[in-house]
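Participant: Just dropping this structure here.
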Amino acid sequence: MVKCRICGKPLTDPKSIERGIGPECFKEIKQEPIGFKNLVKESEKKKEIKEETIEKPYDSKIPAFNLLANAFDLLADLPKLEELLENLSDKERHFLYTHKILKEYDLLP
C-alpha cells in the first residue's frame, strides 16, 4: 500500500500514487510556494509535539521525514556514501551531481 509522503494516509488514486502525495496535501502545496512548510506548521498546530529524541530506525508518521532522515544519515557516513556512489549507473550519478540541492550545498564528495 502506497502512502502519502506528507501525511501518511493511504493513496488509491493513480495520479496520487504516481506523485506520492494525496489530493488534499497536493492542493495545499500547489496553493502556497512553500506549501510543504505550511502543511507541517498546520500539522504541528493540530497536535501537541513532545520533545523527544528520535532514534533509528525512524518511525515518524510522516514517511517523507523517514526518507529525509535516512538520506541525511547517508550523507554523514562518508564510507557508505562512497560505496553507494561507486555502484551507481552513469545516469544515476549524473542526476545526483547535477541536482540543484546537492550542487548548491556541495553535499557529495
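The values are calculated or read from the model by the stated rules, or taken from the named source; none is laboratory data. Since we're looking at a predicted model, the values are computed, not measured. When we count neighbours, we look across all protein chains shown, and the Cβ atoms used for this are built from the backbone with ideal geometry, even at glycine.
Participant: Of the numbered conditions (1) within 17 Å of the chain's Cα centre (by Cα); (2) modelled with pLDDT of 80 or more; (3) surrounded by 14 or more Cβ atoms within 10 Å (Cβ to Cβ); (4) in a helix (DSSP H, G or I), D73 satisfies every one except a single condition; which is it?
Facilitator: Of (1) within 17 Å of the chain's Cα centre (by Cα); (2) modelled with pLDDT of 80 or more; (3) surrounded by 14 or more Cβ atoms within 10 Å (Cβ to Cβ); (4) in a helix (DSSP H, G or I), only one is false for D73: (3).
Participant: Just name the residue that is modelled with the lowest pLDDT out of those in the stretch 83-102 that are surrounded by 12 or more Cβ atoms within 10 Å (Cβ to Cβ) and assigned to a helix (DSSP H, G or I). Step through it out loud before you land on a result.
Facilitator: To start, the set of residues in the stretch 83-102 that are surrounded by 12 or more Cβ atoms within 10 Å (Cβ to Cβ) comprises 84-85, 88, 92-93, 95-97, 99, 102.
The next check asks that each one be assigned to a helix (DSSP H, G or I); those that pass are 84-85, 92-93, 95-97, 102.
Working: L84: 85, L85: 85, E92: 90, R93: 86, F95: 89, L96: 83, Y97: 83, L102: 76.
My answer is L102.
Participant: Determine the pairs where a residue that is farther than 25 Å from P57 by Cβ, located within the stretch 74-103, has a partner that is surrounded by 12 or more Cβ atoms within 10 Å (Cβ to Cβ) and basic (K, R) with Cβ atoms under 9 Å apart, the partner being 6 or more residues away or on another chain.
Facilitator: Y97/K103
Participant: May I ask you to list pairs of residues, at least six apart or on different chains, whose Cβ atoms are under 7 Å apart, with the first in the stretch 1-12 being without any contact (Cβ under 8 Å) to a residue 60 or more places away in the chain and the second being assigned to a strand (DSSP E or B)?
Facilitator: The qualifying pairs are M1/P10; K9/K3; P10/K3; L11/K3.
Participant: Going residue by residue through the stretch 60-67, is there one that turns out to be over 24 Å from R5 (Cα atoms) and not charged (D, E, K, R)?
Facilitator: Kept after step one, since they are over 24 Å from R5 (Cα atoms), are these residues of the stretch 60-67: none.
The answer is no; no qualifying residue exists.
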